[in-house]
């Protein structure tokens, strides 16, 4: 059955009578036709065949529908209800009838389109807390996903490069000249060579898993108050059995493309805060570039040259080398160090952001706790604090050596703590800036009173103690932290540029 032969099934699912008279809304993608009626969604695979998928027969479409149901129930069990046959009865086509199955549809629970994260991005609904919860959910999903060591690694990345290259050569002109596509291919292959051993180490270590595979904002929704991943890539195991950071890279790229760089920085840093994936940071520029490149050739295939060009330019920009730097942001509790740090992280590093190393998060991790879980005062003694600063230095060194900039977020009230960070930058021969945030005590008190769901355990008593500290010689750049965090972050940026 080809798409022409599917016309009857399409007409059947488009008919309000099929759905008890409910109005039917339809969406057509390169691989599916989606029919939304009442509280249900019916997803029909199109009878198409591409280099990376084959839905050309009813049996292939049935298998793909069943796989879609199985895989998406990992992350969205309440949305994915069943697979129903479209059967031929004496009176015509029917859903789940007794006659011969002529096609198959995935049946889903319908939700408001305003719940999509792509819509929330447009309406300003991607709050920092929501993005952190999303990163937590993705990290948890990746930890539980099936390990697939026969896929991924350098071979898997080469396959993606080949698909992108062939697709752009075929569909890119005139918006993307062949010579430019060839140049990007060469740059991508060089980048893959540079991280080849890293890709293989991560594959062998179990970091290649059966992931979502299509993790952009349009495939994430806020369901019952929770960020929910749906519509994963089910039709090609090799394209979805990938490095977990390559999976995450689609979301990060999408946020960057939509000019949501701060949100990308939040997701990137939170994901690394709650996972053990920091060793893969060096591969992220390549992963981001490949994700943008995929979107470029999909847009080119659809004839949308302007969008293809935009994604193609992103793909090139992600591969541009940007020397790393080290910035340390200190200040008493309530100065807004962490909020300023993540905004600044989105401004000083392109692919995808600078790594923010927060003392509060590291302290919790050393005690086996999630960032927002509270610690007893015993965990804040001098020896415990020394271990935290040692870890900050160690992780900053390892991250900068991957080529990623680092922002250290810690009080840094002691001169020797500040000196350690400067010495590290000198050893690594990278630009360094120390920033001291300060604000009137009453503003700090107000901010601490207003805190909730934060990694910092500092209360008013801690602040009062800090206000009595002897800071010693202060050679860091002093910045007024009284304004909004965005204003403070840009003030910092002007001082370090």
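Every read-out reported here was derived from the displayed coordinates using simple, explicitly stated rules and does not represent laboratory data. Keep in mind that this is a model prediction, so the values were computed, not measured. Note that each Cβ is placed from the backbone with ideal geometry, even for glycine, and that neighbours are counted across all protein chains shown.
Overview of results
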| quantity | calculated |
| --- | --- |
| Between region 15-63 and region 255-330, the alpha-carbon center distance in angstrom | 31 |
| With Cα atoms, 0 to 90° folded angle of helix 415-428 axis to the chain main axis | 60 |
| Nearest-ten-degree value, helix 58-72 long axis tilted from longest Cα axis of the chain | 30 |
| Average silhouette area of the chain, convex hull of alpha-carbon atoms, in square nanometres | 25.1 |
| Net lengthening on full extension, residue 419/residue 497 (0.36 nm per residue, minus Cα-Cα) | 26.0 nm |
| C-alpha long axis of helix 153-171 to longest principal axis of the chain, angle in ° | 60 |
| Considering only the chain, percent of DSSP beta bridges that pair antiparallel, nearest 5 | 70 |
| Mean Cα-pair separation over length for region 1-149, i.e. relative contact order, pairs under 8 Å, 6 or more apart, % | 18 |
| Cα gyration tensor shape of region 326-496, rounded if a/c is under 1.5, else prolate or oblate by comparing a/b with b/c | rounded |
| Cα-based equivalent ellipsoid of region 399-497: semi-axis lengths in Å, sorted from largest, via gyration tensor | 26, 16, 14 |
| At q = 0.16, 0.26, 0.27 Å⁻¹, base-10 log of I(q)/I(0) for region 191-242 (Debye sum, equal scatterers on each alpha carbon) | -0.62, -0.95, -0.97 |
| Global form of region 115-208, assessed from the alpha-carbon gyration tensor, a/c cut-off 1.5 | oblate |
| Cα-based equivalent ellipsoid, region 443-491: semi-axes from gyration tensor eigenvalues, Å | 20, 19, 9 |
| Two-site FRET efficiency, residue 52 against residue 183, from Cβ-Cβ distance with R₀ of 30 Å, rounded to 0.05 | 0.80 |
| Helix-only CD estimate at 222 nm, as mean residue ellipticity for the chain, using -39500 (n - 2.57) per DSSP H run (n ≥ 4) | -15000 deg cm²/dmol |
| Label point at residue 377 placed 7 Å out along Cα→Cβ; residues across region 437-466 whose backbone nitrogen lies under 20 Å | 445, 448-449, 456-466 |
| Theoretical FRET efficiency, 1/(1+(r/R0)^6), r = Cβ-Cβ of residue 450 and residue 100, R0 45 Å, to 0.05 | 0.10 |
| Rg/Rg_globular for region 7-110, with Rg_globular taken as 2.2 N^0.38 Å and Rg from C-alpha atoms | 1.03 |
| Cut-off 17 Å (backbone N to label point 7 Å along Cα→Cβ of residue 109), residues of region 71-101 | 71-83 |
| Estimated distance in nm for a label pair at residue 365 and residue 443, the labels positioned 7 Å out from Cα along Cα-to-Cβ | 3.1 |
| Compactness of region 208-269 as Cα Rg over 2.2 N^0.38 Å, two decimals | 1.13 |
| Whether region 117-318 is rounded, prolate or oblate, judged on the alpha carbon gyration tensor where a/c under 1.5 counts as rounded | oblate |
| Residue-span extension gain [residue 91 to residue 193] - 0.36 nm each, minus C-alpha spacing | 30.6 nm |
| Sorted peptide list for 81-87, 385-391, criterion being average Cβ within 10 angstrom, highest first | 81-87, 385-391 |
| Computed log₁₀ I(q)/I(0) - Debye formula, equal Cα scatterers, no solvent, region 263-414, q 0.17, 0.21 Å⁻¹ | -0.96, -1.31 |
| Linear extension gain, residue 321 paired with residue 144, 0.36 nm per residue minus alpha-carbon span | 60.3 nm |
| Interatomic Cα distance distribution for region 67-135, bins of 5 angstrom, percent | 3, 14, 15, 14, 16, 13, 8, 6, 5, 4, 1, 0 |
| Euclidean distance of C-alpha centroids, region 81-156 and region 425-497, integer Å | 43 |
| Cα-projected label distance for residue 313 with residue 67, points at 7 Å along beta-carbon direction, nm | 3.7 |
| Cα Rg, Dmax (largest Cα-Cα span) when computed across region 144-196, Å | 13.7, 44 |
